[in-house]
1. Once both labels are modelled 7 Å past Cα along the beta-carbon direction, what's the residue 238-residue 85 spacing in nm?
2. In degrees from 0 to 90, rounded to the nearest 10, what is the angle of the helix 668-680 Cα long axis to the longest principal axis of the chain?
3. Whole-Hz ³J(HN,Hα) for each residue in the stretch 274-291, computed from phi via Karplus 6.51 cos²θ - 1.76 cosθ + 1.60 with θ = phi - 60°, x for glycine and proline: what do you get?
4. Which pairs, out of 77/98; 345/404; 406/481; 191/225; 505/601, put more than 25 Å between their alpha-carbon atoms?
5. Let me check against my output: what whole-number percent is the relative contact order of the chain, with C-alpha pairs under 8 Å and at least 6 apart?
6. Going through the stretch 604-649, which chymotrypsin sites (Phe, Trp or Tyr not before Pro) have at most 14 other Cβ atoms within 10 Å and a DSSP loop state?
7. How long is the gain from residue 647 to residue 527 if the chain were fully straight, where each residue apart is worth 0.36 nm and the alpha carbon distance is subtracted?
8. Got a sec? How would 384, 401 order by Cβ neighbour count within 10 Å, fewest to most?
Amino acid sequence: MLGILSTVIMALISVAATCPASPCECLDNVTVSCPDKRLKKFPNLPDGTEELYMAHNLIQAFPTSGLEQLQFLDLTKNRLNVSLTSNFIWPNMSSLVKLFLRGNCLGSLGPGQLQGLSALTFLDLSENHMEALHPGSLQGLGQLKTLILTLNQINSLQYGALSGAPALTDLHLSSNSIVEFEEGVFENSSKLVKLILSKNNLVSIGNGTFRGAVNLSHLDLSGNKFDFVPIAALRDVSQLHSLYLQKNSITFIPEDAFSELSHLRILVLNNNCLSKIAEDSLSGLFHLGQLDLSYNNLKSLPSEVFQYLGRLELLDLYHNNLTYLPEDLFHNLTRLRELQLDSNKISSIPPGLFHMMPKLRELQLANNQISDLHKALFSSLRSLRKLYLDNNVLSKIPRGLFHKTKSLRELQLDNNHLRSLARSLFHGLTKLHFLKLFNNRLTAIHPEQFSTLGELRELLLNENLIEDLPKGVFSKLRSLKILDLNNNRLTALASTDFDGLGALKELNLSFNQLHDLPYATFYSLDDLRRLLLQNNRLVSLHPQVFSPLVDLQELDLDNNQIKLLHPDVFQGLHHLQKLHLKSNRLSTLVNGTLEPLESLKILHLEGNPWDCSCRSPILYINNWIINNNQKLQDKPMCSSINRPISQPANLLKPCVSVACCPRSKFPLEMLTVLTAWLLGIGFL
């Protein structure tokens, strides 16, 4: 063991001895790191250095020698434009494999200028001032595979620009100003796999532009100015797997637009101006797995438009203007796993629309105008995990609608017009984790409404009209973590309402009309972390009402009518961090009320009629605030005078005079507290 330790120490000493002077750092025997050190020249490198990190410095020039063994060189964000002119002669870097020159304000490269970098496979020239890639610029880079030219000012790609780099596989030209390609520019690019041309000024691409790029599989033309699909140019890249045409101005997809692209897996057309798609526009796309038509202006779809897409797994029609869907529209999409139809104007759905989708796992129908659902609509969706029906105009849900969707994990029915729910509506959804029913018009819940939802973790019933909770309605929800009942019309709670919710972490009862809390209300909630009771009509609290909540971290009692807190009301709340008592009717706090709250970090007290008169025990809360000022998040004021209760100046002279009065008129206990307080502030 001692021998190994000695070897390690000697190795570290050796590295330290050969490492260049501060501020550089030798990470190991072959790596030197000097980023963001304001260096103006290269450091002296130890023999054997293979990797040098010099990003964010002030380097203006290369040394004439010493870089022969480098394989990795990062010079991002330096000032090499000073020396790297078109006639610059590079030092010997014949071993260099990766070179980063991003953000050096470089102009265009001269012909053959890089030919000494014969081992280079990766070259980053992004975020420079290059206006062109001249013919011959890549001469000698026979091993180059990745060339990044994003964020330059290139306006065209000339014939011969890529000659000299026959091994190129990835070419990034996004965020330039390219308006055209000279014919034949890719004729020697048979190894090219990925071509990124997004965010340029392309209006069209001529026939034969991509000729030679026979192995191209990823083509990104997004963020240009196309108003039609460049069909002719795409015929030369029949091996495409991914085609991105989003964020253009395409208005129409004609028949056979992609018929030559039989290997296409991903087609992205979102954020265009599509208002119409021809029935055979997607013909030939037998292997397509993902189709994105979101954020367009489609009002209708031909019934057979998806007939060729038997392998489609994701179809996104989000945010169009669809009003109706033909019943056989999806009849051939038997492998579909995700369907996005949300944010359209769909008002009705044919009963058999989803019957041929046995593998569908996610269905988005939110933000439409759906008013009615056929009871058999989802009967074939036995694999469905997520169903979104929120933000429609549903007034009722047919009994049995979900009885076949036993794999559901998430169901959203919020923001509808539901007035009631069938007793057995959710029966059988034993795997459901999330159920959202908020912002409806529910007035009552059946006692057995959730009786089979033993795996439910989140139940949102807020913003309804519920007046009472039937006995045992939540008793089977043994896995529930969040229960939200805020903004209802609850006037009272039974001591057994939350029995069985042993896993509950958050309970929201705010914005109801609760007058009282039975002392055993929270008896079963020993794992609760947040309890929100603000904006009710609570007048008093039983001393033991919160005692079971030993792990409670936040308690909100704002905007109630509480006049007095029993000194034991917070006993046991050793983990409470946030306590909200704003806008009640508290005039004082009894001595010791806040002492159990040893973890308290945030306290709100303003908006109460604090009594700062001499006969009030205000000195307790006053002294507590002085000692815990950083915890108080607001500025509670005395009700009789406009002063913070932390500085009740009116206590001094009046209370001193009262102290001279007979004992019967001034309790000894209060006099003791007052004397201690006056000593604490240095008054005596």
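Derivation of every value follows stated rules applied to the coordinates shown; laboratory data play no part. Nothing here was measured: the structure is a model prediction, and the numbers come from that model. Every residue, glycine among them, receives a Cβ derived from its backbone with ideal geometry; neighbour counts consider all protein chains shown.
1. Spacing of the two 7 Å Cα→Cβ label points: 5.1 nm.
2. 40
3. Those phi angles translate into 5, 10, 8, 10, 5, 4, 9, 5, 9, 5, x, 8, 5, 9, 4, x, 9, 9 Hz.
4. Those over the limit are 345/404; 191/225.
5. Averaging sequence separation for qualifying contacts and normalising by length gives 3 percent for the chain.
6. For chymotrypsin sites (Phe, Trp or Tyr not before Pro) across the stretch 604-649 that sit outside H, G, I, E and B with at most 14 neighbouring Cβ atoms in 10 Å, the list is empty.
7. Extra length from residue 647 to residue 527 when fully extended: 39.3 nm.
8. 401, 384
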